[in-house]
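Student: Dropping a structure here in structure tokens format, bear with me for questions.
The values are calculated or read from the model by the stated rules, or taken from the named source; none is laboratory data. Everything numeric in this text was worked out from a predicted model, so none of it was measured. Neighbour counts run over all protein chains shown; Cβ positions are idealised from the backbone, glycine included.
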């Protein structure tokens, strides 16, 4: 009969300590009520798992086993990390009171969360978005307004085509100049149909531009001339993409206009510039299977960064298999 009495005693000791810690967290640390509710829940879980142990008897091996049990029960890595954080704070407080010699949670980490796959458009969606040319919703209004609409339409069309054609980052796109110069971070080589850009780590690379994108860029150039202002600085004079006020177009404006462009083109997805970069990489890899080439075109310093697109590629192949193979679908 001594074991049950000992277990109850150990549990009572830990429960009293947990209550003292929560009081400390509320009155001295002044934690928010929502945080206190989470801490109570996390400490209740600890008390249940450590019912037969004293605070001093709990070791790192117990914490690791309990974290593994949480993971096996389906708790997300983020939630496990939050629970471990609450336990770690509790033992840190007990250490300051001289109640435990070491913090058993100190070096225990939650399992790593799986990195989310980058979101890419389907080939049909990407081609439709790149090719979409907005139509004036109110034809027949004043000539200056018609010209402003035509300029915006030509610009966002050229941007969508170029992002999908060449896989540029938005900062690389807005950093492009019309032509090469000593001060340019990026430029278009019109004869070679290439864009030279300066990417992360100040690394320079050249990427091909497809004919539809090149044509859209030339159409934009006709409108760009009208937006140039003689009083703007040298940077604006050189910039490929200009805003309504004649300055270099900002990445934020590209995000906004591309989202509106995608909506007008009938796409349900919340499209952003990096989604077109993901689409470029995924579709190129699906067609060629050449991971090294995709790495070079994206400007990745490590092949591991590019390998995420092999997961996208497998996801695409799995969908094709499920849809087409007669033995893929499970019978109800």
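Student: Just the residues that are within 21 Å of residue 293 (Cβ to Cβ) and out of contact with any strand residue (DSSP E or B) (no Cβ under 6 Å at 6 or more places or on another chain), please, taken from segment 174-192. Talk me through it step by step, then tell me what you get.
Tutor: Start the filter on segment 174-192 by keeping residues that are within 21 Å of residue 293 (Cβ to Cβ), which leaves 186, 189, 192.
Correct list: 189, 192.
Student: So how many residues does segment 172-193 have that are assigned to a loop (DSSP other than H, G, I, E, B) and touching a residue at least 60 places away in the same chain (Cβ under 8 Å)? Before you say what the answer is, go through the steps one by one.
Tutor: Narrowing segment 172-193 to residues assigned to a loop (DSSP other than H, G, I, E, B): 175, 178-185, 190-193.
Restricting the remaining residues to those that are touching a residue at least 60 places away in the same chain (Cβ under 8 Å) gives 178.
The total comes to 1.
Student: Name, by its number, the condition in (1) part of a loop (DSSP other than H, G, I, E, B); (2) at pLDDT 90 or above that does not hold for residue 331.
Tutor: That leaves (2) as the condition not met.
Student: Can you name the number of the only condition in (1) under 21 Å from residue 12 (Cβ atoms); (2) at pLDDT below 95 that residue 87 fails?
Tutor: Condition not satisfied by residue 87: (2).
Student: Right, next: Which one of 102, 110 is part of a loop (DSSP other than H, G, I, E, B) and without any contact (Cβ under 8 Å) to a residue 12 or more places away in the chain?
Tutor: 102
Student: Would segment 276-283 turn up any residue that is in contact (Cβ under 8 Å) with a residue 12 or more places away in the chain and surrounded by fewer than 16 Cβ atoms within 10 Å (Cβ to Cβ)? First the steps, then the outcome.
Tutor: Filtering segment 276-283 down to residues in contact (Cβ under 8 Å) with a residue 12 or more places away in the chain leaves 276-283.
Narrowing the set further to residues that are surrounded by fewer than 16 Cβ atoms within 10 Å (Cβ to Cβ) leaves none.
There is no residue in segment 276-283 that is in contact (Cβ under 8 Å) with a residue 12 or more places away in the chain and surrounded by fewer than 16 Cβ atoms within 10 Å (Cβ to Cβ).
Student: Same structure again: How about segment 197-214: which of its residues are in contact (Cβ under 8 Å) with a residue 40 or more places away in the chain and surrounded by fewer than 18 Cβ atoms within 10 Å (Cβ to Cβ)?
Tutor: 200, 201, 203, 205, 208, 210, 212
Student: Can we say residue 268 is outside any helix (DSSP H, G or I), without any contact (Cβ under 8 Å) to a residue 40 or more places away in the chain and under 28 Å from residue 125 (Cβ atoms)? Let's see the steps before the verdict.
Tutor: On the way: outside any helix (DSSP H, G or I): yes; without any contact (Cβ under 8 Å) to a residue 40 or more places away in the chain: yes; under 28 Å from residue 125 (Cβ atoms): yes.
Spelling it out, residue 268 is indeed outside any helix (DSSP H, G or I), without any contact (Cβ under 8 Å) to a residue 40 or more places away in the chain and under 28 Å from residue 125 (Cβ atoms).
Student: Could you tell me which residue of segment 292-306 is nearest to residue 213 (Cα to Cα), considering only residues that are modelled with pLDDT under 90 and surrounded by 15 or more Cβ atoms within 10 Å (Cβ to Cβ)?
Tutor: 294
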